[in-house]
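Worksheet for the structure shown next.
The values are calculated or read from the model by the stated rules, or taken from the named source; none is laboratory data. Model, not experiment: these values are computed from the prediction. Don't worry about glycine lacking a Cβ; one is built from the backbone with ideal geometry, like all the others, and counts go over all protein chains shown.
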Amino acid sequence: MGRGRSQAGRPHGALVALVAFVMIAAGAGKKRKETPPKIEETINDLAYIVSSGEAKLEGVGLVVGLDGTGGDPPPSWYRTKLVDDMRKAGVEDPNAWLADKHVSMVLVKMVMPTGVSTKDRLDIEVSVPPGCGTTSLAGGILLATPLQEVLVAKDGAHEGKAIAVANGPILVGTAAKPTDAKVGRVLGGGRPKKDVPYNLILKDTRRGVRTSLIVETAINRRFHQRQGVDQKGLSTAKTDEYLVLAVPTTYHHNQKRFFQVVLSIPVVDTPELLDLRRQKWGKELLDPQKAGIAAIKLEALGSTALDQLKAGLKSENAQVRFFAAESLAYLGDDSGAAILGDTAANNADFRVFAFAALSSLDQPAAHMALRKLMDVAEVKVRYGAFDALRTLDPSDPFLGRVRVLEEPADPHADESTALSLRSVMRQRAARTEDPFLLYLVDSEGPPLVHVASSRRAEIVVFGRGTKLLTPIVLGTGPILLNAANHDDTIQMSRIVPSAYENVDEKTHSSLEVGDMIRRVANLGAKYPEIVDLLLSASKQHNLAGPLVFDALPPSSPKYLLAQVMGKDTTKKDDALNRAKYEEKGSRTGRFFNSLFGRRKADPNPDAKPDDKSEAKSNDQASGKADGAADKP
């Protein structure tokens, strides 16, 4: 648990290095006298979390697989860069490739926010460069493209080191230009090459080497996770002004809550103070108007506060029970899993936060609660539960993931065991990655087909074995589907133009939606084409249930009112009157930015803060003002 005395050598080494850094930076300047932390102070009184903003990455890529709609790009810096990259990769005659009608050069862009990890998948945008003869990117696949920050100066463009890579099938159109075939997206096609942490900046009046190390110790005492065989703290003091802060896996999908908890960590800690805090905040947890803040404070104490949080589960007030269950989940305790599941099903205002808590709780009770919720008829509950379960455990069998592309036939199936094993190993080595994710959920709820248009290329069919309704006459480009009324199979054909005649590739599938999707994909249809096919099937009433897009439950301001402002949402006439709310609301922006907002990097870090505002903020953070807030 945190850093022991045996590790004193490392802080001492860090201290020497930091002192040297400060002395060099300050030169002959005067040393600042550091103010020691007070008993009631938290991390929030000493520092604030800064987001470095969003890194805008760019690259020049190559799209292949176009149906004769490609065009040779004109001379430009982008073309020169792409040709150079292709030559470095060993491609012979890159200019001949760029002149091919089935190929197009594209500009690739991605926004990478602070807090992402190498496991995250981000949407990217592609576009045909000006003057290029390409008329459409439909059906194209972006080959692996390195992305980096690019600075355009008077002497030309300057590239940084590649920090992400992008590739995948292109979905034509963007939010700004939905009908433009020269632009498109690759859902979840961007992959960061390294984690991007946050910065924790010490307030101007509290900066110093000793304070920086005190903050590091306090955070790492509470937050650490295994890296290899070692436990490593998630905060690292860099200078007397700032620390680097990594987000633990448990909070990766709810980083704002992580900030709430970090900034609520007491700086001064002793067994006696710990006991007093548990008693005080345990009592506040039972008060609906203080429960949201109290739960965060108890969560900041870690597993030592489990008993106080479990006591909150017995409250007669549903809001108190929820906040207690939420904090318990982030502490890895499943005592409140049933309460979270019930909240997700019946309270739309708290639903997204209930799912986030369940997705962080790797315990059987959380798995069972989410599986049960996938049977609920309400679409946002059902898909929200599916998304949370996939976040919790991507390999959970109840998700129903199936392979899209068929495995090649084994020519040695009837031969010796040695030959069969060798054949299996070759197949695994050459296995083609599925072009999109397909899930067939064995759900007891009504039929439903869900399609993602952001984050990932994904189709979820709720109701394994759900069948299409006949008659069926569907076509998406060269692929045609037909089934007469009362047929039990679908005839499929793919028209392949040749130099002499059209050659049809024909096959059959059952009426099951999942089987149809897989067969069409194995005929060569890509994700955008299959989405269009499902849209046509929905319009022609061939689907037994609705077709929905991106049905994640939305966030609600009522959660913020309950957690931060202390509003008891279980009561119609809340004790928190409008005048009190407006009084607090008038300083809400400054309050949230000071406490739990992800600040952008300060453009003028040497500017002096408003001492009065900072003192006021510190009072609120340490609980001196009623209703001290935590931003969700």
Criterion (of a type outside the set (Gly, Ala, Ser), modelled with pLDDT under 90 and not assigned by TED's automatic domain parsing to the domain that holds residue 186) met by exactly one of 515, 574, 568, 532:
574
Quick test of your reading of the structure: residue 240 fulfils all but one of (1) more than 26 Å from the chain's Cα centre (by Cα); (2) part of a helix (DSSP H, G or I). Name the failing condition by number.
(2)
If you go through 313, 328, the only one that is surrounded by fewer than 19 Cβ atoms within 10 Å (Cβ to Cβ) and either modelled with pLDDT of 95 or more or at positive phi (or both) is 313
Residue 535, sole failed condition from (1) within 16 Å of residue 437 (Cβ to Cβ); (2) in a helix (DSSP H, G or I); (3) not basic (Lys, Arg)
(1)
Please return the ranges of strands (runs of 3 or more DSSP E) entirely within region 75-161 where 3 or more residues are under 30 Å from residue 199 (Cβ atoms), out of contact with any His (no Cβ under 6 Å at 6 or more places or on another chain) and in contact (Cβ under 8 Å) with a residue 60 or more places away in the chain.
103-113, 122-127, 141-147
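Examine region 259-271 for a residue that is in a helix (DSSP H, G or I) and surrounded by fewer than 16 Cβ atoms within 10 Å (Cβ to Cβ), and state whether such a residue exists. It would help to see each step written out before you state the result.
Step one: filter region 259-271 for residues in a helix (DSSP H, G or I), giving 259-263, 271.
Okay, now just the ones that are also surrounded by fewer than 16 Cβ atoms within 10 Å (Cβ to Cβ), so 271.
Yes, the conditions are met somewhere in region 259-271.
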Of the criteria (1) in contact with a His (Cβ under 9 Å, 6 or more places away or on another chain); (2) buried (at least 16 other Cβ atoms within 10 Å of the Cβ), which one residue 172 fails:
(1)
All positions within region 466-482 that are touching a strand residue (DSSP E or B) at 6+ places or on another chain (Cβ under 8 Å) and at pLDDT below 90
475, 478, 479
When region 195-219 is checked residue by residue, the ones that are surrounded by fewer than 20 Cβ atoms within 10 Å (Cβ to Cβ) and assigned to a helix (DSSP H, G or I) are 204, 205, 210, 213, 217
